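**Student:** Provided herewith is a single structure, encoded as structure tokens, for subsequent inquiry.
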Amino acid sequence: MQELLTFTIIGLSTGAIYAVVASGLVVTYTTSGIFNLAHGATGMLAAFTYWQLRFDWDLSAPLALFITLFILCPLFGLLTERIVMRGLQGTTEVVRLSVTVALFAFMIGLANTVWPSNGSREAFLKFFEGNTIHIGGINVSWHKLITFGCAVVVAIVLRLLLFRTRMGVAMRAVVDDRSLTELNGGRPNRVAMFAWALSAMLAGLAGILLAGEQQLNIEPLVLLVINAYAAAIIGGLKSLPRTFAGAAVLGLLDAYYLQFSDNSWFPQSFMGFGLSGIRASIPTIVLFVALLVRPQSRLRAGTVRFREENKVPSWNTAVLGAVSLIVVVVGISGMLTRSNTLFLLNGFTLAIVALSLVPLTGYAGQMSLAPLTFAGLGAVAMSKLPGDGNLLTLLAAITIVAIVGAAVALPAIRLSGIYLALSTAAFAVLVTKLIFNQRQTFMSGNISVPILDIPFIDINSPRGRLILSATAFSLLGLGVIALRRSRLGRRLIALKDSPVAAATLGMNLTQTKLAAFAISAGIAACAGALAGDKVSPQQYDFTQSLPIVLLAVVGGVGTVGGALFGGLLLGGNAVLANAVPSLKNITKIMPGLTGITLGRNPSGATSQISEKFRPLLNRWGIISFSALGGVGIWALDASRIISHWAFFIGGVFWFLAVMPNLIAIIDGTSQRRWWASAIALTGLAISLGVDWDQAVDSTGKRLLSLILLVAIFGVGTQRVAENAPRIHHSSPDLLGLDVALTPDELDNVERELGVTI
Amino acid sequence: MNTPILELRNIRASYGSIEVLHGVNLTVGRGEVVALLGPNGAGKSTLIKVASGILRPSAGQLMIAGRDATGASANALARAGLCTIPEGRGIFPNLTVRENLLMATYSGHKLSDIEHSTYARFPRLAERRSQLAGTMSGGEQQMLSLARALATDPVILLLDELSMGLAPLIVSELYQQVAAIAAEGVSVLVVEQFARTVLGVADQAVLLAHGKVQAFGKASEIGEDVLASAYLGS
């Protein structure tokens, strides 16, 4: 009995922390519709800041607390809202979630940079360390009591704030009707800033309390938020009382499990699988169950316009792109060093994983946070299945994982948006904890995935594997485009655009969603199955999935090019970190930083870039000229006139800075034309003429020079050559009748209608 | 004294690249009730959005009491005494009646005053003060949205499609309230698709079609033939 009471108190105190975290999540979700995955990371940063002030700089505890919780946390919240979140109105849930993922990555990078984990540091002490109080025959530490008290205070304050003050009522009013709030005279932006500041304070409080209980480490503090998700979901992301109840239940479950699992009768394994991972999985299991018993998400009627838009490439473009990708990779693969080959290979593997998100997230609008988990399952299947890596084994592995993907989706299919995303996250964590971390799965920490065995072709080298993965990406990419142009593809788009309209037309939403999940899981499995090397479970951890999702969305998750861009960027990031140690810290933050720009351009980077290349496609003369230029640069390299580096930099310059501007140069007025050509040629001459191997001493500096060259000469050419845009702003009633269409407009209209190739 | 309280000068407004208003001029004098008429898609609601500051015009000027207010935010205009009841129901469905009235206090009035004046005019709202506004009937919801206009003593009132989805009897009751507001000297710009319901209340009428003003004049002078040709196309 005594023991039970002890564990109840421990459980309630843990639950109190969950409650504080979860209430912060609910506050921002209800006011801005953004589910903040970075909430735990905010708490982690606050805990570190408090530690810095209190234990490293020896401030008194009240002062350190005041500075952290009442100055820095609210400031951080305000800035987050102002700089990052405000741009996100009118974007899809996918983009909003990705931005919080970006923030998450950014903060972890920041913490790793400022407080590297290798140095020894002063201990993080509990409040009134060592002091306990005697209640009902057991000793309770002051820290636990304070934790509990904090939760009670937070509950009361939030209740009063939300229902008794105008600010609180306005916070709820903004959710109901943003523009009406303005018409009443309220300032929605100010309300949102207040909500984010409040939420950051709650996260900070929870972080500091938890750091006292555990140790000051980045990971447990960040993952704390996953436990709190469960509590927030129990509260329906809305009701604070139910959120608090959910948090208490979670805390108690954890404590009681701890108590009972010590007993001898408690099973240590089940069907050969060890159960040691269970305790850590409790919140995830609760989350999963809470999601499953949620009422079916209602289909929303009415037109929803999103800011993202993606064009479907024509077959010509797709095939041209696929072939040129393979040609380019084959061409340059011979010049790369072994380590760079491996990095590029890694980039393509990540690109395939990102590609798996295109049909699911880009087309069907269903968010998944577990793409790497399916890749991991693919790797496991490839290595365990008989056949030693022949094509049949690959097919079998893909099929199995696709079936698993559909099976996982089946219970979660009733959910949509954020709930679906969280259930995939829960799945990923469960698979990692209960399957990947098992001895049976990964024998001694890693398994070797056999290299794909294609008759008559030997690919047993890094270069071979690189070409294989680039080919695989090209073929899968063509497959995805074929899918988009098929009947099923149109159904996926319908599912994203308007589930209500699709359902009323008689479309089976469940089947369509299952198909999307199965296809996505199958593509991801390919990435794992083609690994062709030793792999470890860490590679497929849930936290590794987040940057991929993020960069796929940054690249543009609606397009195959976006997946390639995202994958290569993530791979390239590793190259940069390796080549320039001084940039290592920046590369940790970089994925986060790129994601934060999403609010400004939710369609992704590739849609912007491809917009520049689109006009080229109608003019075969210019395409041939561009290709000729590329071959010419390659020939210079092949005949040893220029170095590999000059080839690389010149080639990229040609592609990014010269090609998009060719039309503008040709169509420009004679004077502008000469200036623009002169600028472009100067840039090209510099990139080809400089002896990069001698003149610049490190890879990083060469890459930086490349970026500078493209930025200065590319943008310069564009600015000089550009014609004034000729877009009519007349009413569509008149356009084409009273006012003639310009050639540009005609071109655009035909493209929209799909009447040209 | 003759400066109009609200004046739109050559206003152009567009959604994306599609222009909806092609140079609209409109004035509402002090104490005047101006009816804005026009068929579906004429740009009436867009014009209200521009006048209330929700939508920034792409060209032209928005003058309020003789001062240039182009580009001012909707909330600043609202606090300055421009009260807008938007299309549909101008209420927060998930807040209680009382909380809806609390939102009206941004105008600078005390909650107790607002409550007092509202419940005096609409006793039915007093009974429902702790009920969620979204669960009331359509007429009651529209009363609540008008209550803001009545209690906060605005300088000018913009009304968008008050009659939408309501029974004719309730509509005429609501327009009596509008007439009462106007009688207190508040200038009103009222959008209405059903011309006859509003022409009895209005001093002036403006007929909008295809994003341009087609006709304007005294409300009593707008003839059936002008309306018919604008609504049906001639």
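**Student:** Place a +1 charge on the Cβ of each Lys and Arg in region B:86-234 and a -1 charge on the Cβ of each Asp and Glu, then give the dipole magnitude about the Cα centre in debye, rounded to the nearest 20.
**Tutor:** Details: 11 positive and 16 negative charges, 73 e Å.
Here region B:86-234 has a charge dipole of around 360 debye.
**Student:** Could you give the C-alpha radius of gyration of region B:87-153 expressed as a fraction of 2.2 N^0.38 Å, taking N as the number of residues it contains? All intermediate terms of the calculation are to be shown ahead of the outcome.
**Tutor:** Working: Rg = 10.4 Å, N = 67, 2.2 N^0.38 = 10.9 Å.
My calculation over the Cα atoms of region B:87-153 gives 0.95.
**Student:** Could you pull out every residue, at least 5 positions away or on a different chain, whose amide H is within less than 5 Å of the one on B:V213? Hs are placed 1.01 Å off N in the peptide plane, and Pro or chain starts have none.
**Tutor:** B:N25
**Student:** For the ranges A:323-335, A:168-180, A:350-362, what's the packing order if you count other beta-carbon atoms within 10 Å of each residue, average per peptide, and put the highest first?
**Tutor:** A:350-362, A:168-180, A:323-335
**Student:** Sticking with this one: For peptide A:166-172, what's the mean number of Cβ atoms from other chains within 10 Å of each residue's Cβ? Walk me through the numbers on the way to the answer.
**Tutor:** Working: counts 6, 0, 2, 10, 6, 0, 5.
Counting Cβ atoms of other protein chains within 10 Å of each residue's Cβ and averaging gives 4.
**Student:** Further question: Volume per residue, Å³, of the convex hull around the alpha-carbon atoms of chain B? Each step should come with its number before you reach the end.
**Tutor:** Numbers: hull volume 28.4 nm³, N = 234.
Cα-based convex hull of chain B, divided per residue, equals 121 Å³.
**Student:** Would you kindly compute the Cα radius of gyration of the protein assembly as shown and its largest Cα-Cα separation (Dmax), both in Å?
**Tutor:** Answer for the protein assembly as shown, Rg first and Dmax second: 31.9, 95 Å.
**Student:** Next up: Mean projection of the alpha-carbon convex hull of region A:340-428 over all orientations, in nm²?
**Tutor:** 6.6
**Student:** Summarise the partner chain shielding of A:183-194 as one whole number: the mean count of Cβ atoms from other chains within 10 Å of each residue's Cβ. Don't skip to the end; give the middle numbers.
**Tutor:** Numbers: counts 17, 17, 17, 7, 7, 2, 2, 1, 0, 0, 0, 0.
For peptide A:183-194, the averaged partner shielding equals 6.
**Student:** Using +1 on the beta carbon of Lys and Arg, -1 on that of Asp and Glu, and nothing else charged, what's the dipole of the protein assembly as shown about the Cα centre, debye to 20?
**Tutor:** Numbers: 71 positive and 56 negative charges, 141 e Å.
Value, rounded to 20: 680 debye.
**Student:** Please report the equivalent ellipsoid semi-axes of region A:17-169, computed as sqrt(5 x eigenvalue) of the Cα gyration tensor, largest first, in whole Å. Before the final figure, lay out the partial values.
**Tutor:** Working: eigenvalues 177, 104, 38 Å².
One finds semi-axes of 30, 23, 14 Å for region A:17-169.
**Student:** Further question: In chain B, which helices (entire DSSP H runs) extend 18 Å or more along their own long axis, judged by Cα positions, while averaging at least -0.5 on the Kyte-Doolittle scale?
**Tutor:** Values: long enough: B:138-151 (20 Å, 0.15); B:168-183 (22 Å, 1.12).
Flagged H segments are B:138-151, B:168-183.
**Student:** Then there's this: Say R0 is 51 Å: what FRET efficiency, to the nearest 0.05, do A:H134 and A:V289 get from their beta-carbon distance? Don't skip to the answer; put the middle values down first.
**Tutor:** Values: r = 37 Å, r/R0 = 0.73.
With R0 = 51 Å, the Cβ-Cβ based efficiency is 0.85.
**Student:** Between A:S261 and A:M507, what length in nm is gained on full extension when 0.36 nm per residue of separation is reduced by their alpha carbon distance?
**Tutor:** On the way: separation 246, 0.36 × 246 = 88.56 nm, distance 4.84 nm.
Using 0.36 nm per residue and subtracting the Cα-Cα distance, I get 83.7 nm.
**Student:** Given q = 0.11, 0.23 Å⁻¹, what are the Debye log10 I(q)/I(0) values for region A:80-190, with equal point scatterers placed on the Cα positions and solvent ignored?
**Tutor:** Values returned for q = 0.11, 0.23 Å⁻¹ are -0.73, -1.17.
**Student:** Just checking the output field for B:14-22: average partner chain Cβ neighbours within 10 Å of each residue's Cβ? Please list the in-between numbers first.
**Tutor:** Values: counts 2, 1, 1, 5, 6, 7, 2, 1, 5.
Average per residue, whole number: 3.
**Student:** Another question about this same structure. Efficiency by 1/(1 + (r/R0)^6): what FRET value for B:D113 and B:A72, r their Cβ-Cβ distance, R0 = 35 Å, to the nearest 0.05?
**Tutor:** On the way: r = 26 Å, r/R0 = 0.75.
That pair, B:D113 with B:A72, gives E of 0.85.
**Student:** Quick check: net charge around B:L111, other residues with Cβ under 11 Å of its Cβ, Lys/Arg +1 and Asp/Glu -1?
**Tutor:** Net charge in that neighbourhood comes out at 0.
**Student:** Here is a follow-up. Sorted by mean Cβ packing within 10 Å, highest first, what order do the peptides A:59-67, A:687-695 take? Spell out each step's value before the answer.
**Tutor:** Numbers: A:59-67: 14.3, A:687-695: 16.2.
Listed from highest to lowest mean packing, they are A:687-695, A:59-67.
**Student:** Under a plain spin-label model, where a point goes 7 Å from the Cα along Cα-to-Cβ, how far apart in nm are B:K218 and A:R159?
**Tutor:** Spacing of the two 7 Å Cα→Cβ label points: 6.4 nm.
**Student:** Still on this structure: Mind checking which lysines have their C-alpha under 28 Å from A:K144, skipping anything on the same chain fewer than 8 residues away?
**Tutor:** A:K126, A:K238
**Student:** Would you kindly find the accessible area of B:S117, with a 1.4 Å probe and non-protein molecules such as ligands, DNA and RNA excluded, rounding to the nearest 10 Å²?
**Tutor:** Roughly 30 Å² of B:S117 is accessible to a 1.4 Å probe.
**Student:** May I pose another question? Quote to one decimal, in nm, the extra length available between B:N10 and B:L199 on full extension: 0.36 nm per residue of separation minus the C-alpha distance between them. Present the calculation step by step, with values, prior to reporting the outcome.
**Tutor:** Values: separation 189, 0.36 × 189 = 68.04 nm, distance 2.49 nm.
Computed gain between B:N10 and B:L199 is 65.5 nm.
**Student:** Further question: Taking the Cβ-Cβ separation of A:L746 and A:N316 as r and a Förster radius of 22 Å, what is the calculated FRET efficiency to the nearest 0.05? Intermediate results must be reported in sequence, preceding the final value.
**Tutor:** Values: r = 20 Å, r/R0 = 0.91.
The pair A:L746/A:N316 has a calculated efficiency of 0.65.
**Student:** I would also like to ask the following. Output the peptides B:36-48, B:162-174, A:500-512 sorted from most to least packed, where packing is the average of other Cβ atoms within 10 Å over each peptide's residues. Each step should come with its number before you reach the end.
**Tutor:** On the way: B:36-48: 22.0, B:162-174: 15.5, A:500-512: 13.9.
Order by mean packing, descending: B:36-48, B:162-174, A:500-512.
**Student:** So how many Å³ per residue does the convex hull of the Cα atoms of region A:636-693 work out to?
**Tutor:** On the way: hull volume 4.1 nm³, N = 58.
Per residue, the Cα convex hull of region A:636-693 comes to 71 Å³.
**Student:** Running Debye on region A:619-721 with equal point scatterers at the Cα sites and no solvent, what base-10 log of I(q)/I(0) appears at q = 0.21, 0.22, 0.23, 0.25 Å⁻¹?
**Tutor:** Relative scattering, expressed as log10 I(q)/I(0), comes to -1.05, -1.12, -1.19, -1.31.
**Student:** Taking the full set of protein chains and a 1.4 angstrom probe, give the accessible area of A:V153 in square angstrom, rounded to the nearest 10.
**Tutor:** Looks like 90 Å² after rounding.
**Student:** Once the mean 1/r over all distinct Cα pairs of region B:58-118 is inverted, what Kirkwood radius in angstroms do you read off?
**Tutor:** On the way: mean 1/r = 0.0740 Å⁻¹.
After inverting the pairwise mean of 1/r, the radius is 13.5 Å.
**Student:** With the crude spin-label approximation of a point 7 Å out along Cα→Cβ, what separation in nm comes out for A:D697 versus A:V114?
**Tutor:** For A:D697 paired with A:V114, the spin-label model returns 3.3 nm.
**Student:** With the radius of gyration and the Kirkwood radius both derived from the Cα set of region B:100-234, what is their ratio Rg to Rh?
**Tutor:** Working: Rg = 16.7 Å, Rh = 16.4 Å.
With Rh from the inverse mean 1/r over Cα pairs, Rg/Rh is 1.02.
The values are calculated or read from the model by the stated rules, or taken from the named source; none is laboratory data. Model, not experiment: these values are computed from the prediction. Cβ: placed from backbone, ideal geometry, glycine included. Neighbour counts: every protein chain shown. The protein model used for the area step is the full one, side chains on, heavy atoms only, and it has no ligands, DNA or RNA in it. Shrake-Rupley method; radii C 1.70, N 1.55, O 1.52, S 1.80 Å.
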